[in-house]
């Protein structure tokens, strides 16, 4: 389903065609941002990669556009001489504390921090190494009516319920209907989380060690 198609359907279901052009698409985008806080099988990304630059410690969407849309990072690592080196997540303030004034300490990074829409590495890379990322994403911003992503296909019922709940609460101001729609959204979220759990389950008992 596209942004235009789901917006048409929401406006029809609410019997509010006056909201179609402005409020509905914005509510759909807000719903995607909210849904991106949860892990579903369709919003996982594996092996996103970019290369470090010598003496550069910060990397954002200029290095890899998809970095701007990451909602959660499961693992981040570099590959040095064919060996994987996992980086440990720390607070960006810690990285700033480790810096020694104007002196640039370079080496193989062993820590990273989320900073804005990018990553701050420590130590500062002294060479070019590939960096790989696993995590979850909200995907790039939907702009045109013809745009779509996995939230509007695999997660369409959840996104539609969230968008309607937001509209009813914040625009229409029908709080009773909004409460009912929040319940529908919660049900759809549980269904997606159950499906996600079923997809990753091995259906086997783990051995006790």
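Please determine whether any residue of the range 201-208 is under 23 Å from the mean Cα position of the chain (by Cα) and over 14 Å from residue 29 (Cβ atoms).
yes
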Q: Return the only residue of 71, 27 being surrounded by 13 or more Cβ atoms within 10 Å (Cβ to Cβ) and closer than 15 Å to residue 117 by Cα.
A: 71
Q) Restricting to strands (runs of 3 or more DSSP E) lying wholly in the range 1-105: which have 1 or more residues that are in the same structural domain as residue 133 (by TED's automatic domain parsing) and touching a residue at least 60 places away in the same chain (Cβ under 8 Å)? A) 44-51, 70-80
Q) Which condition number in (1) at pLDDT 95 or above; (2) within 18 Å of the chain's Cα centre (by Cα); (3) more than 17 Å from residue 33 (Cβ to Cβ); (4) buried (at least 18 other Cβ atoms within 10 Å of the Cβ) is the one that residue 153 fails? A) (4)
Q: Within the range 108-117, identify whether any single residue is in contact (Cβ under 8 Å) with a residue 60 or more places away in the chain and touching a helix residue (DSSP H, G or I) at 6+ places or on another chain (Cβ under 9 Å), and answer yes or no.
A: no
Q: Being surrounded by fewer than 14 Cβ atoms within 10 Å (Cβ to Cβ) and within 20 Å of the chain's Cα centre (by Cα) is the filter here, so list the residues in the range 87-121 that pass it.
A: 88, 89, 91, 116, 117
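The values are calculated or read from the model by the stated rules, or taken from the named source; none is laboratory data. Here the structure is a predicted model, which is why all the values come from computation and not from measurement. With ideal geometry, Cβ positions are generated from the backbone for all residues, glycine too; neighbour counts draw on all protein chains shown.
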